[in-house]
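The values are calculated or read from the model by the stated rules, or taken from the named source; none is laboratory data. The structure presented is a predicted model; accordingly, all values stated were derived computationally and were not measured. Note that each Cβ is placed from the backbone with ideal geometry, even for glycine, and that neighbours are counted across all protein chains shown. Side chains included, ligands, DNA and RNA excluded: accessible areas come from the protein's heavy atoms. Shrake-Rupley method; radii C 1.70, N 1.55, O 1.52, S 1.80 Å.
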Amino acid sequence: AVAKGPNELKTHSFNLEAPTTYDNAVRVIRACQLSKPILLEGSPGVGKTSLITALAETCGYHLCRINLSDQTDLTDLFGTDLPVEGGAPGEFAWKDAEFLTAMQQGYWVLLDEMNLAPQSVLEGLNAVLDHRGMAYIPEIGRTFRKHPSFRIFAAQNPIQQGGGRKGLPKSYINRFTKVFVEQLTAEDLRQICHHMFPTYPSHLLDSMIKFNTSLHNEVTTKRSFGREGSPWEFNLRDLARWGALSQRSDSTLHPVEHFRSIYLSRFRTSRDRNAACDLFSDTFGLTYTCNISPNPLITP
């Protein structure tokens with residue numbers, strides 16, 4: 001893929017015109033000039049998964065997304081013996097898993113949460129990631145070589161963000177072309193949100209983005225409140241949920257209607273909730289009281 005400008009990177013469901021998103025996309029495209037797998041690292045909600053999904057859609061590749069965890073096993077990636085459907089009792093046959101299928105068909109694969117994978121999975125991927133480009137399955141005694149179009153992307157959050165994460169060994173990271181995904185700015189959020197919710201009132205969207213940015217700055221940067229329950233992340237995902245709830249098919253609601261469920265109920269102490277309420281009131285120019293219980297709405 002060759003990107004000549006932001007307008008060249010448009011898909012039906014993604015907007016890559018935001019300045020930071022476009023810069024991130026160009027760095028990934030430049031990294032694709034090498035044959036090595038690509039490792040994306042960045043804070044939660046910056047769009048690592050969405051970026052690869054959009055590039056795959058733009059370039060016409062089928063993308064297989066595999067979410068890794070400390071419970072992931074090699075059989076989840078390569079396959080295992082499974083009972084034959086309609087077969088005799090005790091009859092088993094080998095069934096390829098999604099990663100092995102993608103490897104043979106020339107699909108793109110995104111390994112999400114790479115630094116949560118157990119050591120056995122990392123070691124099992126060694127031969128696929130390096131110059132050999134192959135996977136040996138001892139259960140069936142076969143070696144599978146990767147398709148020329150097959151490409152691996154991996155994504156991970158920094159070690160300090162989220163529990164249970166470990167740093168990958170430097171010798172393992174050297175198998176990748178590492179790309180750092182920059183944090184989205186308020187201007188990026190504004191362009192993306194106006195693309196996602198084109199019919200929602202612009203002044204309310206701008207206030208929602210201003211509040212989200214201010215809250216992130218107060219809680220994660222200044223640490224003026226919200227220390228209990230930290231680390232916190234307030235990002236595009238929160239704005240997307242807030243906007244989707246506020247812009248329903250039957251009506252357009254003020255952001256105050258879902259402020260409690262999106263932000264307020266996440267804080268652990270009344271002091272933190274009061275501070276978030278004050279920030280919300282200042283941003284939207286209204287008075288919001290934390291101790292007012294939400295009114296239930298019962299429908300058929």
If a residue must be open to solvent by 80 Å² or more (accessible area, probe 1.4 Å), within 20 Å of residue 44 (Cβ to Cβ) and not acidic (Asp, Glu), how many such residues does segment 168-189 contain? 2
From 81, 112, which residue is within 26 Å of residue 50 (Cα to Cα) and of a type in the set (Asp, Glu)? 112
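Table: residues versus (1) surrounded by 13 or more Cβ atoms within 10 Å (Cβ to Cβ); (2) among the polar types (S, T, N, Q); (3) assigned to a loop (DSSP other than H, G, I, E, B).
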| site | (1), (2), (3) |
| --- | --- |
| 198 | no, no, yes |
| 205 | yes, no, no |
| 218 | yes, no, no |
| 281 | yes, yes, no |
| 289 | no, yes, yes |
Scanning segment 109-125 for residues that are in contact (Cβ under 8 Å) with a residue 12 or more places away in the chain and polar (S, T, N, Q), which turns out least open to solvent (accessible area, probe 1.4 Å)? 115
Take the conditions in contact with an Asp or Glu (Cβ under 6 Å, 6 or more places away or on another chain) and at pLDDT 90 or above and apply them to residue 156. Does it pass? yes
Taking the residues in segment 59-108 that are open to solvent by less than 80 Å² (accessible area, probe 1.4 Å), in contact with a helix residue (DSSP H, G or I) (Cβ under 9 Å, 6 or more places away or on another chain) and free of Cβ contacts under 8 Å to residues at least 40 places away in the same chain as candidates, determine which candidate is nearest to residue 25 (Cα to Cα). 99
Among the residues of segment 230-249, write down those that are under 15 Å from residue 44 (Cβ atoms) and either free of Cβ contacts under 8 Å to residues at least 40 places away in the same chain or not in a loop (DSSP other than H, G, I, E, B) (or both). 230, 232, 234, 236, 237, 238, 239, 240, 241
Exception for residue 90 within (1) under 16 Å from the mean Cα position of the chain (by Cα); (2) at pLDDT below 90; (3) over 27 Å from residue 215 (Cβ atoms) falls at (1)
Looking only at segment 250-269, filter to residues that are of a type in the set (A, V, I, L, M, F, W, C) and outside any loop (DSSP other than H, G, I, E, B); which one of those is surrounded by the fewest Cβ atoms within 10 Å (Cβ to Cβ)? 256
Pairs, please: C-beta under 7 Å, at least 6 apart or cross-chain, first residue within 19 Å of residue 207 (Cβ to Cβ) and among the hydrophobic types (A, V, I, L, M, F, W, C) and in segment 269-292, second open to solvent by less than 30 Å² (accessible area, probe 1.4 Å) and not in a helix (DSSP H, G or I)? 275/225; 276/263; 276/267; 277/290
